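First comes the structure, then the notes that go with it.
The values are calculated or read from the model by the stated rules, or taken from the named source; none is laboratory data. Just so it is clear, the structure is predicted and the values come from calculations on it, not from any experiment. Here Cβ is always computed from backbone atoms with ideal geometry, including for glycine, and neighbour counts include all displayed protein chains. These accessible areas exclude ligands, DNA and RNA; they are computed on the full protein's heavy atoms, side chains included. Shrake-Rupley method; radii C 1.70, N 1.55, O 1.52, S 1.80 Å.
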Amino acid sequence: MSQVKSIFNNMGWLFIPQILSSICGFIWTVLIANYLGVNGNGILGFAISLSEILAVTTDFGISTHIVRHVSTDYSQAPKYLGNAIPLKSLFGIGTFILTLIILIILKTDELTITITLLFTIEMIINSFKGLFNGCFQAFEEGKYQGIGNILTTALLFIFILIAIFTDLGIYGITLAYVISNLIVLVYTYGALRKHIARPKFEINTTFWKKLTIVALPFAATGILYSIYYSIDVIMLKALVGNYATGIYNATYKLVSVLTLFYSIYTAVIFPVMSKFFKNDETLLIVSFEKSIKYLMFIIIPLAFATVYYSADVIHLIYPKGEFANASSVLNILIWTVCLLFLSGACNILLNASHKEVAVTRIYLIAATFNVVLNLFMIPKYSYNGAAITTVLSDIIIVLLQSYVIYKLGFRPNKRLYKDLAKIIIGSIFISIILNVLHMDMFLAIPVSITIYLIIMYLLNILDNDDKYVIKEIIGKN
């Protein structure tokens, strides 16, 4: 099987479950927000954000390092897994204790402490799932991760519905996350042992030390990445309270649904690009260019349409008037998705090329900028200030990444810039049509998609390489 077809077969196994996850995730995000209200949603957002910031301390980057290493040498999987599992167990215990200490220092109330600690347990469980899924990706066996994702979505959806309709409150919602992920962890480990590799358990402190040191750049990047994307919720709660946090979190959750396709693509393409770096640098650059083109083809027109219908989207999703102010946040945060897709593709290229230290430095600058600017923006502009800061920080990341990539000699073909210009032109044209026709949002969706695809066809967006990829996928080459 060709590399192209292998990539898209693995994407298929992840993409179909992710569509299901996106639909269900959208539904339970709406249900939870409306059920808990703004303040309850603020507590939930704080708990999830703090656990995400500390998630790196359960792994310290070793999972990313293992994926990159094992994808080029399958025989090392048993040894790496057998050492990583006990090592991550120790990290998990340390993370739980660290979380409790931080909550006490912050003088949070008892409810927030309990909910946050429960989400910390859920985050530790997900850390182990991430390690096992990384091995599925390294072996290009995405179907097992896909099955796990379907199981996670189904169980979480059922448990959340039970919690809401039996009125179990925020405790029930939190336990739904913990129990569903614990069940899937058992499945994932079983699939790993049966189909991929049996961990060769050992307590090799010398290897643990070496593994941790080598993975530290990934850990540093992960910590900075988590701070960068989650600190705004923590600062909102600390500086302006639960209401603003609830508004921002409700919008952020909606926007994060759009990043799911990006997460699928990066999960599949990272081990492949790691191989390309080792074996064929030309294919590495081509895969980077196509990553940007395909991701931007989807998200840019969606961003333009979201801005136009932001008030309608918020009213539809959160019919209670208390979330009406979220439309302004959505107008701003939607652009972070476009920038995330760009920076994500750049991250994959740099990490696959063993330039993780450069990525760490970039996120150090961005995280520092984000925190400092939020200290001024949040007290003055509340949730809108946090959103603006996020967009500005994303722009800094993309600019710095582009500079590093250019200095390394990984210079994209000029054709990529022309393709991006075509995508932007098509998106602007769609916005003009929407402004002129004032169509209902549901009618505008199929009309806009149709017109956009026609424009892309007329602008000749598909080059010979794209046609080759399509033929590979459908087996026509």
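Things to note:
- If you wrap the Cα atoms of region 43-116 in a convex hull and average its projected area over all directions, you get 5.4 nm².
- Alpha-carbon centroids, region 338-357 and region 304-327: separation in whole Å: 32 Å
- Along each principal axis, taking the top coordinate minus the bottom one, the Cα set of region 132-233 gives 51, 39, 26 Å in descending order.
- Accessible area per residue in Å² at 1.4 Å probe, computed on region 116-227: 44 Å²
- The accessible surface of region 300-403, taken with every protein chain in place and a 1.4 Å probe, is 72 percent carbon and sulfur.
- Projected-area average for region 327-457 over all orientations - Cα convex hull basis, square nanometres: 10.0 nm²
- Per the Debye formula on identical point scatterers at the alpha carbon atoms of region 385-439, with no solvent, log10 I(q)/I(0) at q = 0.14, 0.25 Å⁻¹ is -0.66, -0.95.
- Summarised as an ellipsoid, region 70-109 has semi-axes of 35, 9, 5 Å, derived from the eigenvalues of the Cα gyration tensor scaled by 5 and square-rooted, with the largest first.
- Over region 48-178 - Rg/Rh using Cα atoms and the Kirkwood inverse-distance radius: 1.04
- Accessible area, probe 1.4 Å, largest first, for residues Glu356, Glu52: Glu52, Glu356
- For Tyr229, neighbours were defined as the other residues whose beta-carbon sits under 11 Å from its Cβ, and their charges (Lys and Arg +1, Asp and Glu -1) total -3.
- Excluding ligands, DNA and RNA, the accessible surface per residue across region 341-408 is 42 Å² with a 1.4 Å probe.
- Relative packing of peptides 307-316, 383-392 - highest average C-beta neighbours within 10 Å first: 383-392, 307-316
- Residue-count net charge about Ser127 - beta-carbon cut-off 14 Å; Lys, Arg +1, Asp, Glu -1: -1
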